[in-house]
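One structure is given below, encoded as structure tokens.
The values are calculated or read from the model by the stated rules, or taken from the named source; none is laboratory data. All figures in this text were calculated on a predicted structure; none of them were measured in a lab. Quick reminder, even Gly has a Cβ in these numbers, built from the backbone with ideal geometry, and neighbours come from all protein chains shown. Note: accessible area is taken over every heavy atom of the protein model, side chains too, but ligands, DNA and RNA are not part of it. Shrake-Rupley method; radii C 1.70, N 1.55, O 1.52, S 1.80 Å.
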Amino acid sequence: MEAAVAAGHPATTAAGIEILADGGSAADAVVAASLASCVSETVMTGFLGGGHAIYWDAASRRARNLDCFVAVPGLGADRREPELVHLDVPFGEELVHYAIGAASCATPGLPAGLGELWHAHGRLPWGRLVEPALRLAREGVEFPPAHASCLAMLAPVMTMDEGARIYSPRGALLQAGEQLEQPGLVAALEAVAVEGAESAYRGTVGASLLALCEERGGLITRADLGAYEARWSEPVLAPYLDWTLLTRGGLSGMPETAPLVPRLRGLSETERVLSLVEVLRGNGADSHTTNTSVVDADGNACVLTTSLGLGSGDFLPGFDLHLNSMLGEADLVRGPLTPGERMASMMAPTLAFADDRLELAAGAAGGTRLRTALLSVLASILDEGLEPEAAVERARFHAAGRTVNAEPGVDEDALASLERRDWTVRRWPALHHYFGGVSLVSRHGAAADPRRSGAAATLP
């Protein structure tokens with residue numbers, strides 16, 4: 001398998017490739033790419049969010065999951081209900097309800113996750129991994145079409161507080177091809193370069209976060225930041241036809257769903273759609289997430305999925321860092337919220353093996369469409385034999401309840417058949433980030449999702 005990076009923005013991918021070219025490991029490249037995504041993909045993710053990763057160490061032939069998702073805040077404080085700001089945001093043809101505000105921010109996990117990946121599997125100095133992101137913060141980065149489209153929907157949140165200066169700098173929303181300027185990220189990343197990931201917990205960034213929470217009614221305490229740590233665990237094995245998937249469970253649904261995906265090779269397009277629509281059916285609203293997949297020259301692989309949720313609408317003063325809004329994400333709030341405990345997540349960074357040989361490293365963004373996007377792409381490559389780029393670009397559909405959302409190119413005979421069976425078919429006019437964002441590296445090449453303006457590159 002060639003060394004490669006696939007991610008949600010060309011600048012994110014370039015950061016990972018730069019680190020691989022400098023002799024970095026897959027972990028180094030993912031850390032650098034993720035930090036770069038916190039500059040180039042701030043409509044989709046951010047440094048004060050959370051994530052899940054999987055790492056394959058080729059020498060020991062061992063895979064481990066890393067949980068760096070957000071934790072419920074409130075350690076050492078009197079219990080109180082968060083005071084959230086409620087709003088509806090148009091998403092495609094639907095109004096989606098969100099709850100935001102400083103009190104929606106959970107304890108960030110991504111910084112600790114990046115630090116742990118580097119400590120466990122890194123080769124290059126930490127400061128070197130911050131350099132590509134710092135360069136992007138100083139120079140600005142091109143705003144791609146998918147991000148401009150997303151911003152247009154999320155403007156009520158993204159232009160709150162300091163967001164108006166960032167995303168509507170001249171009184172109008174940023175358009176595709178314009179420069180995204182976030183000068184405060186320079187100071188934030190300079191602190192991270194010197195203080196390490198601990199900056200978010202016991203350093204400069206953490207102090208600013210605590211001050212903002214105190215001022216605006218956030219729930220994060222000093223005890224929350226002091227207690228947080230990223231956690232390694234064993235991946236969950238999920239059989240899929242002739243392959244074995246290593247992934248995570250929980251809300252991802254991957255271990256339960258992968259064995260149900262039928263053999264698709266040899267089926268017509270109509271048969272393919274009809275055989276998948278029930279298996280992959282799900283529900284839920286949108287989430288704003290990104291994914292990075294890396295394989296290095298030694299065959300190590302790392303996949304990291306990260307998110308801010310929608311984002312709380314609050315930005316750390318002077319740092320341009322957007323707070324997460326995970327406590328306001330209805331799909332993630334399952335049962336009572338106990339301070340210090342991890343919140344649930346649908347993220348599913350995944351490795352695919354055949355006869356103990358790594359075939360593919362992949363992950364996806366997309367909230368409740370994440371599993372649908374990821375499994376349909378995996379099936380297209382592993383079972384149906386499509387090239388990675390064709391598999392990722394292939395028209396997608398997602399069933400929620402008795403409604404099927406379909407991109408242009410999904411087989412019309414199948415959609416008509418569903419309508420005759422009293423399904424509602426919603427035909428979308430173009431490829432859309434609603435249908436997730438998959439990025440992967442495989443034995444047959446790397447690919448990243450055009451729905452998120454993603455990019456893939458192979459190490460020269």
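Quick notes on this structure:
- Ala207 falls short on exactly one of the conditions (1) open to solvent by less than 10 Å² (accessible area, probe 1.4 Å); (2) closer than 20 Å to Gly49 by Cα; (3) free of Cβ contacts under 8 Å to residues at least 40 places away in the same chain, and that condition is (1).
- Ala447 vs. criteria touching a Gly at 6+ places or on another chain (Cβ under 9 Å), in a loop (DSSP other than H, G, I, E, B), at pLDDT 95 or above and not hydroxyl-bearing (Ser, Thr, Tyr): no
- Looking only at segment 124-155, and only at residues there that are outside any helix (DSSP H, G or I) and in contact with a helix residue (DSSP H, G or I) (Cβ under 6 Å, 6 or more places away or on another chain), the one that is least open to solvent (accessible area, probe 1.4 Å): Val141
- Among the candidates Gly171, Gly177, the residue that is on the phi > 0 side of the Ramachandran plot, open to solvent by 60 Å² or more (accessible area, probe 1.4 Å) and either out of contact with any strand residue (DSSP E or B) (no Cβ under 6 Å at 6 or more places or on another chain) or among the aromatic types (Phe, Trp, Tyr) (or both) is uniquely Gly171.
- Taken across segment 59-69, residues that are over 26 Å from Leu316 (Cβ atoms) and open to solvent by less than 30 Å² (accessible area, probe 1.4 Å) do occur, with at least one present.
- All positions within segment 435-460 that are β-branched (Val, Ile, Thr) and open to solvent by 10 Å² or more (accessible area, probe 1.4 Å): Thr458
- Note on segment 390-424: residues that are among the β-branched types (Val, Ile, Thr), assigned to a strand (DSSP E or B) and either open to solvent by 20 Å² or more (accessible area, probe 1.4 Å) or within 18 Å of Pro450 (Cα to Cα) (or both) amount to 2.
- Which listed residue, of Thr350, Thr368, Thr338, is of a type in the set (Val, Ile, Thr) and either crowded, with 24+ Cβ neighbours inside 10 Å or modelled with pLDDT of 95 or more (or both): Thr350
- Filter result (surrounded by 24 or more Cβ atoms within 10 Å (Cβ to Cβ) and either without any contact (Cβ under 8 Å) to a residue 60 or more places away in the chain or among the acidic types (Asp, Glu) (or both)) within segment 9-24: none
- Checked against (1) at pLDDT below 95; (2) assigned to a helix (DSSP H, G or I), Val205 passes all but a single condition, namely (1).
- Taken together, Ala103, Ala6, Ala36, Ala27 contain a single residue that is in contact with a Ser or Thr (Cβ under 9 Å, 6 or more places away or on another chain), farther than 17 Å from Thr289 by Cα and either in a helix (DSSP H, G or I) or open to solvent by less than 10 Å² (accessible area, probe 1.4 Å) (or both), which is Ala103.
- Checklist (1) touching a strand residue (DSSP E or B) at 6+ places or on another chain (Cβ under 7 Å); (2) closer than 20 Å to Leu209 by Cα; (3) at pLDDT below 95 applied to Ala112, failing item: (3)
- Residues (assigned to a loop (DSSP other than H, G, I, E, B) and either acidic (Asp, Glu) or within 20 Å of Ser442 (Cα to Cα) (or both)) located in segment 329-357: Glu329, Asp331, Glu341, Met347, Ala348, Pro349, Asp355, Asp356
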